[in-house]
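Take a look at the structure set out below.
The values are calculated or read from the model by the stated rules, or taken from the named source; none is laboratory data. All values derive from a computational prediction rather than experimental measurement. Heads up, the Cβs are rebuilt from the backbone with ideal geometry, glycines too, and the neighbour counts pull from every protein chain shown. Keep in mind that these areas ignore ligands, DNA and RNA; they rest on the heavy atoms of the full protein, side chains included. Shrake-Rupley method; radii C 1.70, N 1.55, O 1.52, S 1.80 Å.
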Amino acid sequence: MRFPIENPRAEFRHTTEQRIGGWGNRSQQACHVSSAESLEQLRSILKSGETDSYIARGLGRSYGDSATNEGQGVILQSPRNHFLSLDERAGMLECQAGVTFSEIIDHLLPRGWFLPTTPGTRFVTVGGAIAADVHGKNHHRHGSLGNAVQRFRLLTASGETMLCSREQNSELFWATIGGMGLTGIILDACIQLRPVETAYCHVSYRRTANLDKTLELFGQSDSEFEYSVAWIDCLAQREKLGRSVVMLANDATVDQLPWERRPAALELPRRRQLSIPFQLPSSLLNPLSIRAFNGLFYARHGDSERLVDFDTFFYPLDRIHNWNRIYGSRGFVQYQAYFPSSTSRQGLVEMLEKISHSRRASFLAVLKSSGPATAGHLSYLAPGHTLALDFPYRGTVTERLFSELDKILLKHGGRLYLAKDSMTSAATFAEMYPRLDEFKQVKKTVDPGNLFTSSQARRLGIVGPVVPPGPAREGQ
Ligand SMILES: Cc1cc2nc3c(=O)[nH]c(=O)nc-3n(C[C@H](O)[C@H](O)[C@H](O)COP(=O)(O)OP(=O)(O)OC[C@H]3O[C@@H](n4cnc5c(N)ncnc54)[C@H](O)[C@@H]3O)c2cc1C
């Protein structure tokens, strides 16, 4: 079936110089920004020679410098936002890479199809999600998005488009999944969706006394529940270290809904959108206010069961537009750490101890258990656990803390998530990603002149000369 949805925001814009950053708002970089609707326009931008290199940009929800390219070209993908086809029986969706998860939900959830996996915001593009090989609360069961991607077309540095799948150009397929836009521009993709009966989850909230109890609960429940996630109080110490509110959930069936909701089982409730209109003073977030918030959150969530709509369960922060402004003008950074199963308990204890003593983290941390890895060269997750925390950016104090966290991660064989990283060094990154050389080899074959480059790729030494991380880049 053809399934055309034209979107009015499609337009062609000529290059302008703009200062853009990542979701963390830590630093803005001057980039030559253009956008293109058609393949011909994309090719002509790449051939124009206006800048030496380019990087694709979706909705800029990566936290750091993955979708910026200082002094160089950035190509916005959001105008390429057409749905191409939907096989309604099989749930196979083909769409351009600028289509957002939010648009997929709006158009396809009422037809009984939902995303195979989803990050904690619906404001990401299909291209950005594939490039980061995003994961969700069901990683322990279904892995990351790469598992559901059937194929995509990639515009490469030579101007050629290549069809990539597990069978065709498979090396390039796996280098692009998790490859952060460095192999080329994903034009469109075919993704297997997941059938759902309702727009609700049946959630069981369980409070745990400490990290051991949290991990024990994950271990006992992971086979029974489609989704699991723990909100950890990262300021709790000693015997309370790692105390959490664990949410375990399955998709709700129609029978589980109250009678009055059944006729509109696939409709999400409408809610008023809140907004942070400007940057708030950074002093609002201090150890005292954070401790009070965390204490309240833990106390409010006793053991209970509830029906929760998908927006509330998967995207609690999306309700507040520009919530990233609560961190003030200096912005914030996220540390997302993965520990393999064999070391995760010890690694998490050391990391949580370091963080709780530093009194720097903000609000609650999120802990998830993770399942089998995809074959992506730079894909992030494998069996174990992943912990994510936001920190208000405080210059060298934050940089010192992050480098100490990096040491803990390396000691336990862990790694950082590229979509969240903004500060790590090339040497640390290389140690964390053992398949980096394989990735570089594929890149060399398909993009020998490094036409596709980002600020992050230069900082991490994936391409070109290594740019040292840290204060030197601050304020740029
Ligand atoms: C509130 C919040 C919660 C989040 N929760 C999660 C989570 O639970 N799990 C998770 O995995 N991630 C999570 N993320 C991170 C987010 O899913 C990723 O950063 C995602 O890549 C953002 O998509 P985007 O379209 O905004 O891409 P951008 O941030 O614009 O770009 C990200 C990368 O994708 C590349 N890219 C974009 N479009 C294309 C294209 N067409 N072709 C090739 N490369 C392209 C860019 O070059 C860049 O390297 C979260 C982010 C936020 C803000």
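Given the condition within 14 Å of residue 15 (Cα to Cα), within 19 Å of the chain's Cα centre (by Cα) and surrounded by fewer than 24 Cβ atoms within 10 Å (Cβ to Cβ), answer yes or no: does some residue in region 77-97 qualify?
Quick first cut of region 77-97, residues within 14 Å of residue 15 (Cα to Cα) only: 77.
Now restrict to residues that are within 19 Å of the chain's Cα centre (by Cα): 77.
Keeping just the survivors that are surrounded by fewer than 24 Cβ atoms within 10 Å (Cβ to Cβ) gives none.
No, region 77-97 contains no residue that is within 14 Å of residue 15 (Cα to Cα), within 19 Å of the chain's Cα centre (by Cα) and surrounded by fewer than 24 Cβ atoms within 10 Å (Cβ to Cβ).
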Revision key, fill the gap. The residue that is farthest from the ligand (Cβ to nearest atom), considering only those in region 51-68 that are open to solvent by less than 30 Å² (accessible area, probe 1.4 Å) and among the hydroxyl-bearing types (Ser, Thr, Tyr), is 51
Practice item. Can you give me the ranges of the helices (runs of 4 or more DSSP H) entirely in region 120-201 with at least 2 residues that are away from the ligand (no atom under 12 Å from the Cβ) and open to solvent by 30 Å² or more (accessible area, probe 1.4 Å)? Key: 139-142, 170-176
Review point. Take the residues of region 393-415 that are open to solvent by 30 Å² or more (accessible area, probe 1.4 Å) and hydrophobic (A, V, I, L, M, F, W, C): which is farthest from residue 295 (Cα to Cα)?
Key: 410
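To keep it simple, each residue is scored yes or no on (1) more than 13 Å from the ligand (Cβ to nearest atom); (2) open to solvent by 10 Å² or more (accessible area, probe 1.4 Å).
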| residue | (1), (2) |
| --- | --- |
| 372 | yes, yes |
| 378 | no, no |
| 384 | yes, no |
| 391 | yes, no |
Check your understanding: Are there any pairs, at least 6 apart or on different chains, whose C-beta atoms fall under 6 Å, with the first in region 218-247 and touching a residue at least 40 places away in the same chain (Cβ under 8 Å) and more than 17 Å from residue 348 (Cβ to Cβ) and the second in a loop (DSSP other than H, G, I, E, B) and not aromatic (Phe, Trp, Tyr), and if so, which?
Key -> 226/138; 227/137; 227/138
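Anything in region 312-362 that is in contact with a Leu (Cβ under 8 Å, 6 or more places away or on another chain), more than 24 Å from residue 407 (Cβ to Cβ) and surrounded by fewer than 22 Cβ atoms within 10 Å (Cβ to Cβ)? List them, or say none. Even if it seems obvious, please write down each step before you answer.
Of the residues in region 312-362, the ones in contact with a Leu (Cβ under 8 Å, 6 or more places away or on another chain) are 319-321, 323, 325-328, 334-339, 344-345, 347-349, 351-356, 358-362.
Filter again for more than 24 Å from residue 407 (Cβ to Cβ), leaving 319-321, 323, 325-328.
Within region 312-362, 319, 320, 321, 323, 325, 326, 328 meet the criteria.
Could you please let me know if residue 40 is more than 9 Å from the ligand (Cβ to nearest atom), surrounded by fewer than 22 Cβ atoms within 10 Å (Cβ to Cβ) and in contact (Cβ under 8 Å) with a residue 24 or more places away in the chain? Walk me through how you get there before you give the answer.
Values: more than 9 Å from the ligand (Cβ to nearest atom): yes; surrounded by fewer than 22 Cβ atoms within 10 Å (Cβ to Cβ): yes; in contact (Cβ under 8 Å) with a residue 24 or more places away in the chain: no.
No: the conditions fail for residue 40.
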Check your understanding: Which residues, taken from region 374-402, are in contact (Cβ under 8 Å) with a residue 24 or more places away in the chain and in a helix (DSSP H, G or I)?
Key -> 396, 397, 398, 399, 401, 402
Check your understanding: Does at least one position in region 437-449 carry a residue that is modelled with pLDDT of 95 or more, closer than 21 Å to residue 356 by Cα, open to solvent by 30 Å² or more (accessible area, probe 1.4 Å) and more than 14 Å from the ligand (Cβ to nearest atom)?
Key -> no
Point to revise | Residues satisfying the stated conditions in region 199-217, i.e. closer than 15 Å to residue 368 by Cβ and without any contact (Cβ under 8 Å) to a residue 40 or more places away in the chain | key: 208, 217
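Evaluate region 135-149: report whether one residue or more is closer than 25 Å to residue 36 by Cα, in contact with a strand residue (DSSP E or B) (Cβ under 7 Å, 6 or more places away or on another chain) and of a type outside the set (D, E, K, R). Spell out how you get there, then give the answer.
Residues of region 135-149 closer than 25 Å to residue 36 by Cα: 149.
With the extra rule that they be in contact with a strand residue (DSSP E or B) (Cβ under 7 Å, 6 or more places away or on another chain), the set shrinks to 149.
Cutting the leftovers down to of a type outside the set (D, E, K, R) gives us 149.
Checked against the condition, which is being closer than 25 Å to residue 36 by Cα, in contact with a strand residue (DSSP E or B) (Cβ under 7 Å, 6 or more places away or on another chain) and of a type outside the set (D, E, K, R), region 135-149 yields at least one hit.
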Point to revise | Count - residues of region 18-37 that are within 14 Å of the ligand (Cβ to nearest atom) and assigned to a loop (DSSP other than H, G, I, E, B) | key: 8
